[in-house]
Amino acid sequence: MMRTQPSALRAAALWATLWLGATPVSHAVQILRWDRMPLAVPLRVGEERVVFIDRNVRVGVPAAIADRLRVQSAGGAIYLKASEAIEPTRLQLQDADSGALILIDIAAAPGQDGPAPLEPLEPVRIVEGDGPGPRYGARDRAGGAGADAGGQPADALSPGAAPRVRHETPVAVVLTRYAAQNLYAPLRTVEPAGGVTPARLPRGLDLDALAPALPVHAQALAAWRMEDQWVTAVRLTNTSPRWVDLDPRMLIGDFVAATFQHPGLGPAGDATDTTVLYLVTRGRGLGDALLPRIGRIDAAQNLPTPATDATDATDAAPVPAPPPQPLSGADHAK
C-alpha cells in the first residue's frame, strides 16, 4: 500500500531545494596587481572583506582609524571590517621576511538602504605585477625575458643555451643597499629584494679586534642574509677628540666587502661622531669572520711542574767551601 506524503512536508522539501539552489557555492576573487601603485580596496560598513596576499605581512593602521577598523591577519589573508564610515586612508602591508611594502587605499561607506539586498564584496587577491627583469635580487617573474610561451625558462628547455643570469647586481651590493635603506630611509621607500631575510645576530658580539688601529667603539646593530652571504650593520662611534678618516684597509677580518655610510667621523661628542659600517661575509656570519682574539694568558703556567725528590733534597750533604787562595807573589815576598 502506497502512502501519500503530507502536503506540508512536500512544501518544506521544495523550499529547502530552492534555498539550496539559490545559495552561491563560491565567490569570485578580484585580482589586483602590485606594480608600486597604491591599490584601491573599498569597504562597506559592517561587512568584512578578505584580502589574500599569500605571505606573512604586518599591517600598519593609522591611529586615526584604529578604533573604526578591525584588522586580523592569518595564513596569508587579511580580514578588514569597518564599524563606521572611514574616509580614504592608506594602509601599509609590510612583508615580515623581506621588509617590502605594499600600499592599499581603503574607504568605508555605509550600505544603501533598499528592498534589494546588496551583493557581498568580493575577496581580493594581491599578486606581483609584471614588470621588468629582476632587480636587486628580486625573484624571476613569469612571462619575463628568458621564458618561452609556456612559462618555462629557456635554459631549462635547451641544454645548449647559455645559463640565465640570476641577478643583475652582485649579492654584496644587494645586501649593502638593502641594509642601508632599512637603517636610513623611510620604510615606504625600501626597495623590495627577494631572497633577503633577517639573520640571527649573536648577543654581545665582541668587535674590539675589528679595527684596533682606529679610536672607535664598534657595536653590531642588525644582520641580513641572501644565499650564502651575510651583511652586518656595525655602528662606529669616535672616542677621540680629533677627526678620524675611515679606511676599509684598516679593518681586520675575512670580508667580501666593507662600506662606510660616511667617509669619516667627527670628534667625540659631535653630531658627526657616529656612522654605520656594512660588512659582507661569505658562508658565515660576522662573528666567525673576525680573527681570533689573543688573550693575555701566560702559557708557561700550563706547563707541568717537574717532579722533585724531597728526601734526597733533605739528606743531601752540604757542599764544602773552597780552600783560601794564596796571596799574589808581591804580597808574599813582602
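Some observations on this one:
- Fully extended contour minus Cα-Cα distance, from HIS262 to GLN72, at 0.36 nm per residue: 64.2 nm
- For ARG125, distant residues with modelled amide H under 5 Å away: GLN30, ILE31, LEU32, PHE52
- For chymotrypsin sites (Phe, Trp or Tyr not before Pro), the sites in region 219-292 that DSSP calls loop and that have at most 16 other Cβ atoms within 10 Å are TRP243.
- On the basis of the beta-carbon distance and an R0 of 25 Å, TYR79 and LEU103 show a calculated FRET efficiency of 0.85.
- Förster radius 56 Å - calculated FRET efficiency between ALA28 and ALA271, Cβ distance, rounded to 0.05: 0.50
- Placing pseudo-labels 7 Å out from each Cα toward the beta carbon at LEU291 and VAL61 gives an inter-label distance of 5.5 nm.
- Computed label-point distance, nm, for sites ARG125 and ALA213 using a 7 Å Cα→Cβ extension: 5.9
- Loop trypsin sites (Lys or Arg not before Pro), region 195-251, which have at most 16 other Cβ atoms in a 10 Å radius of their Cβ (DSSP): ARG200, ARG203, ARG242
- Per-pair calculated FRET efficiency, R0 = 30 Å: LEU187 and TRP243 via Cβ, rounded to 0.05: 0.35
- Positive minus negative residues near ASP95 (Lys, Arg vs Asp, Glu; Cβ under 9 Å): +1
- 3J(HN,Hα) from dihedral phi, region 105-111, Karplus parametrisation 6.51/-1.76/1.60, rounded to Hz, x for glycine, proline: 9, 10, 7, 10, 10, x, x
The numbers here are math on the coordinates, done by the rules we state, and not lab data. Since the structure is predicted, the reported quantities are computational estimates derived from the model, not experimental observations. No Cβ is skipped: glycine too gets one built from the backbone with ideal geometry, and neighbour counts run over all protein chains shown.
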